[in-house]
Amino acid sequence: APRVLDVGSGLCVFLHRMRAAGWACTALDPDPRAVAHARDRVGVAAICGDFMTVQGLGRFDAVTFNKVLEHVKDPVAMLAKARDHVRHGGFVYVELPDGDAAKADGPGREEFFIDHWHIFSPESTRQLAARAGFAVRALERLREPSGKYTLRAFLASASSEAGEGR
């Protein structure tokens, strides 16, 4: 089965679906309660720790950051570290708040909350990926059922043959 590492897995909604699709899933979260939930309720491998310092993770077919990079001070460094954990031919998946789309609705939007160090646009997502050594293979803007504006992107090593998509 293909292997996925979900960084900042939280309640494991994403990994629950990936496990059902046949992926071997590993949750990584700094909160021991989230890790216990992942292991006991969702039934996936789970590691408690900080992605930037945890050792021995190994390599995966996919490394995912679902609503994580906006919460860290240095998203470039965090994303760049994913290169150490993506197998050749694998990919990184990110979901980010789309501040560019949300700005029309005003500053009270969830995308601008104080616990977000960063918000993103399609162009800043491409720049983030490039600075971390990745190329954007696919990028999509969406408005979630919750009303959040979101960017989601698939990234590949910048040295791969895959071209940028939209």
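Per residue, the chain exposes 53 Å² of solvent-accessible protein surface, assessed with a 1.4 angstrom probe and all protein chains in place.
Of S121, V7, V76, which is farthest along the charge dipole of the chain in the positive direction, counting Lys and Arg as +1 and Asp and Glu as -1 at C-beta? My answer, from the dipole projection, is V7.
Only the Cβ atoms of Lys and Arg (+1) and of Asp and Glu (-1) were treated as charged; on that basis the dipole of the range 1-139 about its Cα centre amounts to roughly 560 debye. For the range 140-156, backbone phi angles converted through the Karplus equation (6.51, -1.76, 1.60; θ = phi - 60°) give residue-by-residue couplings of 9, 9, 8, 10, 6, x, 6, x, 5, 8, 9, 10, 10, 9, 9, 10, 10 Hz, Gly and Pro being listed as x. In this label model, T53 and R152 are separated by 3.2 nm, measuring between points 7 Å along each Cα→Cβ vector.
Can you tell me what share of the DSSP beta bridges in the chain is antiparallel? A percent to the nearest 5 is fine.
Given both bridge residues lie in the chain, the antiparallel proportion sits at roughly 45 percent.
Note that the chain, at 37 °C in a medium of 0.692 mPa s, gets a Stokes-Einstein diffusion coefficient of 203 µm²/s from its Kirkwood radius over C-alpha pairs.
Every helix of 4 or more DSSP H residues in the chain counts as -39500 (n - 2.57), and over all residues that averages to -5500 deg cm²/dmol at 222 nm. Working note: Debye formula, equal point scatterers on the alpha-carbon atoms of the range 1-52, no solvent; log10 I(q)/I(0) at q = 0.13, 0.18 Å⁻¹ is -0.23, -0.44.
Stretching the chain fully between L142 and D105 yields a gain of 11.8 nm (0.36 nm per residue, less the alpha carbon separation). In the chain, taking the dipole from charged Cβ atoms about the Cα centre, the farthest positive-side position among A21, F65, A36 is held by A21.
With a simple spin-label model that places each label point 7 Å from the Cα along the Cα-to-Cβ direction, the separation between A45 and A77 comes to 2.7 nm.
Between E123 and D31, residue separation times 0.36 nm minus the direct Cα-Cα distance comes to 29.9 nm. Taking the 1.4 Å solvent-accessible surface of the chain as the whole, the part contributed by carbon and sulfur is 52%. Ordering of 18-24, 67-73, 6-12, 148-154 by packing is 6-12, 148-154, 67-73, 18-24, highest average first (other Cβ atoms within 10 Å, averaged per residue).
The values are calculated or read from the model by the stated rules, or taken from the named source; none is laboratory data. From a predicted model like this one, the values you see are computed outputs, not experimental measurements. Because the Cβ atoms are built from the backbone with ideal geometry, glycine has one as well, and the counts that use them run over all protein chains shown. These area figures cover heavy atoms from the full protein model, side chains too; ligands, DNA and RNA do not enter into them. Shrake-Rupley method; radii C 1.70, N 1.55, O 1.52, S 1.80 Å.
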